[in-house]
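The values are calculated or read from the model by the stated rules, or taken from the named source; none is laboratory data. Quick caveat, the model's predicted, so the values are computed rather than measured. Quick reminder, even Gly has a Cβ in these numbers, built from the backbone with ideal geometry, and neighbours come from all protein chains shown.
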Amino acid sequence: MTGVDTAFWQEFRSNWRVLLVAFVCLLAAFSAPAFAMPFLFSSVIDEFGWTREQATMLASAKYLAGAVVAVGVGHFIDVIGVRIVLIGVSVIGGLALLSFQWVSDLTHYYLVGMLLGIAGPGTIVAIKVLISRTFHASQGTAMGIAMLGTSVGSIVVPLVITWLIAGHGWRIATALMSLGVWFLALPIMLFFLSDRAFDRPERVSGDNTAALGWELVRQFVGQARFWYIAAAVFLAAFADQALTQHQALYFEIDLGLAATVVGATYSGMGMMAILSRPLVGIVFDRLSTRGVSLAYLVLGAACLFGLGAINPLLLGAFLVCRAISHSAVLLDTVVLAKHSFGLTNIGVLLGVYTAIVNLGFMLGPPFVGHLYDVTGSYVLPFSICAVAAVGAAVVLLPVRPDYWLELRRQHGLADGRARD
């Protein structure tokens, strides 16, 4: 067994409670709004007569707010700690789901989306910081295991939300989806996240950690690799959410599949993600930036397979590629940031990259919705998304993961290969 493998298992034995908290938060507090949103669009279009572009702009409002909030969340985590921030954003997410009860026009609709934008990215940044500060040799794998919470959520939420909408309407359905926040996520955080060791940010020197963090980010901005990573995660996020927010509409309306079948299709992708989350994490631990580039190519393939998803074989290929590539988009920033720049003030840096990701998330869905409204087809927009994903893979190639390479050398490895 290599030094990396030994450190890997020691970290898991010592920190399993952290993984449990991360898993539950992503299952109950993050997954409900994230995976329920696409199933609301057909209901609000029927009720209000909105266009697809208008309906899917809910996602854009969410991710615009998330882009702004993500930077601030990273700063607050470095100052007041993960636990308080994670509890706060989870409460906001639960309140946002309840707020759909009073939506009467686009303004209210988008305001709820902005509340979701505070909760979702805030939760993701907090979990990424929590994992980054707790796991080192096994960071990618640990994040992949934590992200199984979103995998289970992606199985359960589509089935539950379609059943609830059919029986109670979309407003009551979204309110009921908040129960996981109040009765599962918050109790787990309050009782199991008591060890404050992970709340202490790693310092360079002196006591002004937050100021040092922003100073380091300003230094990073002057490096080409900062912008390569920024461009890569933006393009991948653009393509990922463009697909995610339009899949339900595409399958149900354009391909003519029943809503229950669409929900089952989403759940099938979630089942595949149970395997893909940790496997993608392992690949990222072993290959670092090269592994992320490979995953982005898989995202490009998913965009193209989706165009032929009426064929069962192509639908199966689409689901596999989506499971892998969506896992990669959830894991990429935490791996790229730490592997390239190290752990110092990781909260601020992850906040910056999460903001950039949210800009991609924000622009993808309305772009595809607008092109669909103009052309009447998803062929052109999905093809553009495929090009964006390939571009993300290419732009990442010059990035050298210095921190990751140093960790490998410390554990008796060089450039990812065991020494003789």
| message | Criterion first (buried (at least 22 other Cβ atoms within 10 Å of the Cβ), touching a helix residue (DSSP H, G or I) at 6+ places or on another chain (Cβ under 8 Å) and not polar (S, T, N, Q)) does I324 satisfy it? | response | yes
| Got a sec? Which of L343, L405, L371, L350 is within 27 Å of I118 (Cα to Cα), surrounded by fewer than 21 Cβ atoms within 10 Å (Cβ to Cβ) and either at pLDDT 90 or above or among the aliphatic types (A, V, I, L, M) (or both)? | L343
| task | Please give the number of the condition W50 fails out of (1) closer than 22 Å to I127 by Cβ; (2) in contact with a Leu (Cβ under 8 Å, 6 or more places away or on another chain). | result | (1)
| Which is closer than 28 Å to L164 by Cβ, buried (at least 18 other Cβ atoms within 10 Å of the Cβ) and out of contact with any Lys or Arg (no Cβ under 9 Å at 6 or more places or on another chain), of V24, V91, V71, V103? | V24
| message | Being over 25 Å from T51 (Cβ atoms) and either in contact with a Leu (Cβ under 6 Å, 6 or more places away or on another chain) or buried (at least 20 other Cβ atoms within 10 Å of the Cβ) (or both) is true for just one of L299, L275, L249. Which residue is that? | response | L299
| query | Just checking, which of G122, G113, G93, G72 is within 17 Å of P366 (Cβ to Cβ) and out of contact with any strand residue (DSSP E or B) (no Cβ under 9 Å at 6 or more places or on another chain)? | reply | G113
| If you go through region 46-65 one residue at a time, do you hit one that is assigned to a helix (DSSP H, G or I), under 21 Å from G169 (Cβ atoms) and basic (K, R)? | yes
| Among the numbered criteria (1) modelled with pLDDT under 85; (2) over 16 Å from F35 (Cβ atoms); (3) surrounded by fewer than 19 Cβ atoms within 10 Å (Cβ to Cβ), which single criterion is violated by L257? | (3)
| Hits in region 296-314 (condition: in a helix (DSSP H, G or I), out of contact with any Phe, Trp or Tyr (no Cβ under 8 Å at 6 or more places or on another chain) and not hydroxyl-bearing (S, T, Y)) | L297, V298, L299, G300, A301, P312, L313
